[in-house]
1. Relative to the Cα centre, what is the charge dipole magnitude of the chain, using +1 at the beta carbon of each Lys and Arg, -1 at the beta carbon of each Asp and Glu, and rounding to the nearest 20 debye?
2. Measure nothing fancy, just the Cα-based angle from helix 53-62's long axis to the longest principal axis of the chain, in degrees from 0 to 90, nearest 10.
3. Name the residue from Tyr83, Gln25, Leu65 whose Cα lies farthest towards the positive end of the charge dipole of the range 1-92, charges +1 on Cβ of Lys and Arg and -1 on Cβ of Asp and Glu.
4. Would you calculate a helix-derived [θ] at 222 nm for the chain, using -39,500 (n - 2.57) for each DSSP H run of n ≥ 4 and dividing by the full residue count, to the nearest 500?
5. For the range 20-32, take each phi angle, set θ = phi - 60°, evaluate the Karplus expression 6.51 cos²θ - 1.76 cosθ + 1.60, and give the result in whole Hz per residue in order, putting x for glycine and proline.
6. Can you grab the distance from the C-alpha centre of the range 152-166 to the C-alpha centre of the range 194-229, Å, no decimals?
7. Using only the alpha-carbon atoms, how far is helix 161-175 inclined from the longest principal axis of the chain? Give it as 0 to 90 degrees, nearest 10.
Amino acid sequence: MSAACESIRSFSPERLEELMRELGQPKFRAKQVHEWLHLHNASSYDEMTNLPKALREQLSQRFPLQETKILQVRESQDSTKKYLLQLDDGLVVECVGILDGSGNKAQGSQHSFGETEDDQAVEAEDKGGRLTVCCSTQVGCAMKCSFCATGQQGLERNLTADEIVAQVVAVGKDFGMRVGNVVVMGQGEPFQNYDATIDAMRRMNSDAGLDIGARHITVSTSGLCEEIKRFAKEPEQFRLAISLHAAEQSTRNALMPRLSGQNLKKLRTALAYYVEEKGRRITLEYMLLNEHNDTDDDLQHLIAFCEGLNVHVNLLPFNAVDGIDYMPSDHRTVNKWRVALDNAGIPCSVRKSKGSDIAGACGQLKASRFE
Ligand code: SAH
Ligand code: SF4
């Protein structure tokens with residue numbers, strides 16, 4: 001489902017110039033409008049104070065602005081903030097702002113998403129911390145993964161590209177900071193809303209938009225093979241993360257029932273194709289769930305899955321979700337996996353959950369009001 005009327009936010013700079021010409025305005029007005037829409041996330045033409053009033057009125061009649069309102073914000077002790085945003089049709093969606101200071105790093109673990117050596121170089125340059133936004137692509141999700149709060153909710157609708165970009169802008173505005181990284185890892189399965197997601201990622205990347213480097217924009221999918229191959233053909237150097245969580249078929253089927261049609265063999269083929277096409281490393285997300293996917297056998301399956309594939313494994317902790325009774329694996333197990341992956345020559349990191357005191361971790365987002 002998409003927005004009912006054409007959105008001026010989706011106009012390219014060229015299209016805006018055309019519109020200004022049509023309205024008898026000088027060319028520079030297009031740049032002004034673009035900045036208001038994308039840099040300042042204006043929610044009304046009245047805010048565009050450097051435009052003539054008559055132009056503002058014409059625009060508001062032809063292209064009414066949809067508004068993404070921040071309904072509530074919750075801040076965690078580690079400065080992570082979770083936002084509840086209200087869309088134009090009243091539905092709500094969540095996104096998260098994560099502040100990573102250079103002094104925050106715990107030994108042997110990473111706080112960021114899909115982080116690899118290039119990120120670390122960027123971080124080393126980064127003196128004042130950086131802002132990562134985790135954004136959603138759907139209201140709810142149809143995939144019904146057994147460990148995921150969003151999955152329990154079912155799918156309500158796809159977000160438009162506007163609504164995806166607006167989350168990033170809103171969080172940047174609230175922090176008063178430039179957004180350095182985006183992880184498309186909030187609510188929803190991005191590759192079930194492929195066109196809007198890629199359109200949004202392009203607008204985040206564009207120097208006429210948010211100007212965030214493609215290598216700083218990561219999309220996470222539960223593993224839709226056709227779309228992974230399609231993504232391999234996109235020209236930008238966006239990053240890809242896969243929520244693997246099990247490398248043995250029956251275990252994965254139990255955790256991610258809607259993915260059983262996309263079996264692991266097919267998934268591995270799609271990933272090998274991606275690595276070949278892009279020459280880029282993929283991040284495999286593996287959440288360790290006590291006695292569900294953390295046995296020695298599971299570990300051997302993971303090592304076998306990774307063999308010959310250019311991957312980085314991110315071991316992540318399970319964040320408790322009401323009504324779901326999985327437990328995270330204990331520290332000894334996590335450590336054992338890390339050492340075993342290291343010994344097998346597979347790059348690996350252990351992600352420390354941020355914002356867990358506000359249920360702010362990605363994948364734990366639920367479109368219900370905060371208590
Ligand atoms: N649908 C996409 C992106 C959103 S989910 C995907 O599945 O990849 C973002 C990440 O959070 C995924 O790796 C997901 O598996 C993980 N996740 C879901 N529920 C979680 C939970 N309760 N604790 C920790 N991570 C979770
Ligand atoms: Fe959807 Fe991802 Fe949650 Fe699975 S983990 S239900 S794909 S949001």
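Any read-out appearing in this document is the output of simple, stated calculations on the displayed coordinates, not a laboratory observation. In this text the structure is predicted, and so the values were computed from the model without any measurement. No Cβ is skipped: glycine too gets one built from the backbone with ideal geometry, and neighbour counts run over all protein chains shown.
1. 360
2. 50
3. So the residue furthest toward the plus end is Gln25.
4. Taken over the chain, the calculation gives -9500 deg cm²/dmol.
5. Going residue by residue, I get 5, 4, 4, 8, x, 9, x, 4, 5, 4, 4, 5, 4 Hz, with x marking Gly and Pro.
6. 15
7. It works out to around 90 degrees.
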